[in-house]
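Here's the structure we're looking at; comments come further down.
The numbers here are math on the coordinates, done by the rules we state, and not lab data. Since the structure is predicted, the reported quantities are computational estimates derived from the model, not experimental observations. Cβ: placed from backbone, ideal geometry, glycine included. Neighbour counts: every protein chain shown.
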Amino acid sequence: MPAPTAPWSGWRRLSVSLPIFIILIGLLVSVSNLTTVPWNNEPTGRTIATLTDDTAITFDASGGGTDAAEGAYEVEESAMTVTVRRDGTQVGAARETKVDAAADGTWKVRGSGADETQDITVLIRRPAGAAGKRPAIVFMHGAGFGTAYNSFGDMAAALASAGFVTAVIDKPVWSTTDVSRDYPASARAYDAAIDLLRARDDVDAANVGIYATSESTWISQYLLADDHDIAFQILLSPMVFTPRQSLGFFISQDFALVGANDGYQSIVRRVFNADTALFGLDNFDLDLPQSSAYSIPTLVAYGSKDVMTAQVDGVRHILALAHAADNWDVTVRSYPVANHVLRLGDEAETGTRFADAYVDDVVAWAAGTAAGATQTSERVAGDTIYQSIAVPDDLKPRRALTIYGVLLHMGTVLLLFATIVGWLAALGRHVAFRLARRNRGKAYPGLGFRNGFGNTLITLAITTMATLLLFAAGLGQVVMAVVRLAWGAAPAEEPGMIWWSWPVIEIVCTLVVWAWSRVFARLIEVASERGVLQWPPRHDAIHGIVTGREPVLASTRFGRVLFWLTAAAMLHVLFFFAFWGLFVY
């Protein structure tokens, strides 16, 4: 055994640790900057001034047929069921069924693939005793899973009591999810409901319009491209742009509104530049048939507290496309205090009512438009239309970034899982040894860590995982705040954790990187003491380390494997943080 070498001085350890730290932090900073996505929020704070704050919609009385009002008729209800294939085509004839909300059999989906079908309930409301053929409206669902019985009840009843025949259907979803909706097929399913109304004796087939809200305003664009006989459309908080642009705007704006740190907002940029087509999700980049989307009489309604739609860019885009299609019959209304679905307050609460004049305005506009009367009220009215940031039209799928992100996250998850299994196995060995009678009186050998690496490893692992939990908690708080904001709740006065957690994580991550550089420097120190780093290596030095006779890390093979497994997992977590921008200073 050679004579032991003198321990390194503090300055020598620092001189070795510092370059390692610079290399590690340089790699992490580089990853953070390479995964940063350019994002231009300019111009900000734009408005469209309305011509009057009075949202009332009036028509030239000499045109006739414009005096419809809510409550003019009693409302009768009937129901039918249609079976629609996944491609949107109807299977067989529509069938009459009993009106029974308690027996709602929504999501009766059969088969799979191209042969998949869904039984859809169509709830029809009509004005009792109304003479002649009546104008009609089909309602189109927003995001989520709405049924014929739990959706649009108040508005459909109001329009029916004013003289319209209305139809609300189960949302056509088949076996899709919110991120895999088949919008062209959904458009054909809604068209089947429109054809159902057109075939009725009490409906004016040439005067059937649609009422589309939020997500369904993407579907309505496909519907108008397929069916050129739609008479008019009411668009509630329309999502004018592609899902990638619309959702990117919505999330980025709301992260800012709830007071999230800019670091969390940078996560949005990376997410909405993902190449989702790699996973078979093509809806992010819909090729919307916009040329015919606004070619018919259109009522656009927004709420001033709507935090989901780009209203200024949306109005301008709608007007430009409508005028290009030679349609000048576009009416825009903005309602103060109303949210994304024109309700006053939190939509999650039962009974939240519409903005004060919204129902009356919709009834008046629909009646006057169906009668072919000339509108006398201002085209753009109500509250000032406002938009905080620009629509991010530079968003695009970035395949290289997506592939790297997927591989990194998969590797991190697998390494964390393997590390947890390894430490559970170590705990099991410890418990088994304590319980084994044959080992009574023997000292538990443990994992055999040497030179303080065991305690250092545990401390770094706990610190890194605690930081990961803080990151998850901070992001979770941001998401919950955005959800509450989207439902109509006001943001908290003090953002709290969603602001301070990001810089705290940045500081802790930097300290963890420094600690790892010290660990690697200590490894080099001990390895040099064992003669491994000299050239040529000291005789039998490597064999002594491998066998555990002269250990650097641990005297047991299991301890050495567990050290490197844990170290790899924790370094992957640091690169995970780097991917999401935590090393952009």
Problem set entry | FRET efficiency estimate (nearest 0.05) - Cβ-Cβ, L565 to S9, R0 30 angstrom | 0.40
Exercise. When the gyration tensor of segment 61-189 is built from Cα positions, what are the square roots of 5 times its three eigenvalues, in whole Å, from largest to smallest?
Worked result: 30, 15, 13
Problem set entry | Pair V271, A320: separation of 7 Å Cα→Cβ label points (nm) | 2.8
Exercise. Angle, helix 557-579 long axis vs. longest principal axis of the chain, Cα atoms, 0 to 90°, nearest 10?
Worked result: 40
Exercise. Can you run phi through the Karplus equation (6.51, -1.76, 1.60; θ = phi - 60°) for segment 169-183 and list ³J(HN,Hα) in whole Hz, with x for Gly and Pro?
Worked result: 10, 5, 4, x, 10, 6, 9, 7, 10, 4, 9, 10, 4, 9, 5
Seminar exercise, completed: Taking a ≥ b ≥ c as the square roots of the Cα gyration tensor eigenvalues, with a/c under 1.5 meaning rounded and otherwise prolate when a/b beats b/c or oblate if not, segment 25-75 comes out prolate
Exercise. Which links in K98/K305; K108/K133; K171/K305 stretch past 31 Å when you go from one Cα to the other?
Worked result: K98/K305; K108/K133
Exercise. With Cβ to Cβ distances under 13 Å as the rule, what net charge do the other residues near R134 carry (K, R +1; D, E -1)?
Worked result: +1
Exercise. By how many nm would the segment from I462 to D226 lengthen if fully extended, with 0.36 nm per residue of separation less the alpha-carbon distance?
Worked result: 79.1 nm
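For a Förster distance of 41 Å, can you work out the FRET efficiency between the beta-carbons of K396 and N455, rounded to the nearest 0.05? Please report the intermediate quantities before stating the final value.
On the way: r = 48 Å, r/R0 = 1.17.
Working from the Cβ atoms, E equals 0.30.
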Exercise. Once fully extended, how much extra length lies between A69 and T89, figured as 0.36 nm per residue of separation less the alpha-carbon to alpha-carbon distance?
Worked result: 3.6 nm
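For segment 231-372, compute Rh as the Kirkwood radius over C-alpha pairs and then the Stokes-Einstein diffusion coefficient at 25 °C and 0.890 mPa s; write the answer in µm²/s, rounded to an integer. Write out the running numbers ahead of the final one.
Values: Rh = 16.9 Å.
Rounded to a whole number, D works out at 145 µm²/s.
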Seminar exercise, completed: Sorted by chain and then number, the residues having a modelled amide H within less than 5 Å of the amide H of V99, at least 5 places away or on another chain, are A79
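Go ahead and run the numbers for FRET between L414 and T384, Cβ-Cβ distance against an R0 of 60 Å, rounding to 0.05. Could the numbers behind the result be given before it?
Numbers: r = 53 Å, r/R0 = 0.88.
After rounding to 0.05, the efficiency reads 0.70.
Using 0.36 nm per residue, how much length does the chain from V483 to L27 gain when fully extended, once their Cα-Cα distance is taken away?
Working: separation 456, 0.36 × 456 = 164.16 nm, distance 3.52 nm.
The span from V483 to L27 would gain 160.6 nm if fully extended.
So what is the relative contact order of segment 113-188, in percent, for Cα pairs below 8 Å that sit 6 or more residues apart?
On the way: 104 pairs, mean separation 30.7, N = 76.
Over segment 113-188, the number comes to 40 percent.
Cα gyration tensor of segment 36-102, axes a ≥ b ≥ c as square roots of the eigenvalues: rounded (a/c below 1.5), prolate (a/b > b/c) or oblate?
On the way: a/c = 3.01, a/b = 1.26, b/c = 2.39.
Note, shape of segment 36-102 comes out oblate.
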